[in-house]
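Everything below concerns the one structure shown next.
Nothing in this text is a laboratory measurement; each read-out follows from the coordinates by a stated rule. These numbers were taken from a predicted model, which means no experiment stands behind them. Virtual Cβ from ideal backbone geometry, glycine too; neighbours counted across all protein chains shown.
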Amino acid sequence: MKVDIQRQDKLQRILKIDVGKERVLEDKTRIYQEIGKDLNVPGFRKGTAPLDVLERNHGKVLREEFLKRMIPAYYQTMIRQEKIVPAGLPRIFDVDFKNDNLLFSVEVEVKPTFVLQEDTYRGLTVKDSPIEVSDDEWKKIWNNLHETVKKYTQQPLTEQQMVQWAGYKDEEALRQAATIELKAVKLRQRRQDMERQVIDVLLKKLPADIPQKVAEEHQNKLLHQELYNLQAQGVAPQEIEKHKQTLQEKIKPMAEDQVRLYYILEAIAEKEQLAVDSRNLYDVVMGYILAHAVF
């Protein structure tokens, strides 16, 4: 199999593939015979017609099935052979299949590569924030409870009744529960802030081009989710359409950063041999980075 690789830009490639007559003939014979077992040919029992007779009677079907099966197989063989790591699906074009030879072209974007030094992501300085619940925050919770009770009933309730409304025997028990819940919220915010610090450092230290098709697909996904949220909030369709362009422009850099971050985390996971997949990549690598951070 011969491959001519043309670099369109840093990540986009055009691959012109010549499978080779010998290999095509071998694969064609095997696949045609396999398919031919289920094809009717006048004068022959199923599976007994010679190859040339099969082609005369069912040439179009055989050809289409061969290309459907083998072009993806040849493409996979080629990217392994050339050590190409694609980002997203390829575009197949200029397929030329005649005289037992097969030529076709592939347009594909490759994943960005990173030169990772350990100090790029190990030993990062992360600022921590103490988790405290102030008296003012407790007062706000208490006042919110008052407003909620007042909204639903016109009957005057004592403070003890309002505490019991919330499901607690006394004010101290309510305060302890509210403090725990508020601390849980603050702990999540604290973690998000730490992760944001790490992300900012990684994006700054590791600038890189990203596959544009992947970025565009992610941008469209984020835009679709944002438009759905606006619709769910009852925003009028004409208002949504009016602001669609603005939303696209706002979401674009966010989408690009998220795609770039994904490839950075993937590169770190590979370098550190972390057992990850697309579902847990973020959590595992972020945990690994924080485990080696300086607080």
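Descriptive notes on the structure:
- Within the chain, helix-based [θ] at 222 nm, where runs of 4 or more DSSP H residues each add -39,500 (n - 2.57), nearest 500: -20500 deg cm²/dmol
- Counting only alpha carbon atoms, the long axis of helix 281-291 and the longest principal axis of the chain meet at about 50°.
- Cross-link pairs beyond the 18 Å C-alpha cut-off, checked among Lys213/Lys242; Lys111/Lys271; Lys204/Lys244; Lys28/Lys68; Lys140/Lys186: Lys213/Lys242; Lys204/Lys244
- Helix 51-81 axis, angle to the chain major axis (alpha carbon atoms, nearest 10°): 50 degrees
- Label zone (Leu157, point 7 Å along Cα-to-C-beta; backbone nitrogen cut-off 11 Å) within segment 168-187: 168.
- Summed side-chain charge close to Gln219 - residues other than Gln219 whose Cβ falls under 14 Å, Lys, Arg +1, Asp, Glu -1: 0
- Using C-alpha pairs under 8 Å with a sequence gap of at least 6, the mean separation divided by the residue count of the chain gives a relative contact order of 19 percent.
- Angle in degrees between helix 212-232 and the longest Cα principal axis of the chain, rounded to the nearest 10: 40 degrees
- Taking one quarter of the surface of the convex hull spanned by the alpha-carbon atoms of segment 1-127 gives a direction-averaged projected area of 11.5 nm².
- Extended-chain gain in nm, criterion 0.36 nm per residue less alpha-carbon gap, Glu171 and Thr77: 26.9 nm
- Alpha-carbon radius of gyration plus Dmax, which is the widest Cα pair, for segment 118-291 in Å: 22.8, 66
- Proportion of all alpha-carbon pairs of the chain beyond 28 Å (%): 66 percent
- The length gained on full extension between Lys98 and Asn220, counted as 0.36 nm times the residue separation minus their Cα-Cα distance, comes to 39.9 nm.
- The shape of segment 91-210 can be summarised by an equivalent ellipsoid whose semi-axes, obtained from the alpha carbon gyration tensor, come to 60, 25, 10 Å from longest to shortest.
- Contact order relative to length of segment 148-295, as percent, for alpha carbon pairs under 8 angstrom and 6 or more apart: 19 percent
- Between Val294 and Lys60, the contour length at 0.36 nm per residue exceeds the alpha carbon distance by 77.7 nm.
- FRET efficiency for Val235 and Arg191, using Cβ-Cβ distance with R0 set to 30 Å, rounded to 0.05: 0.45
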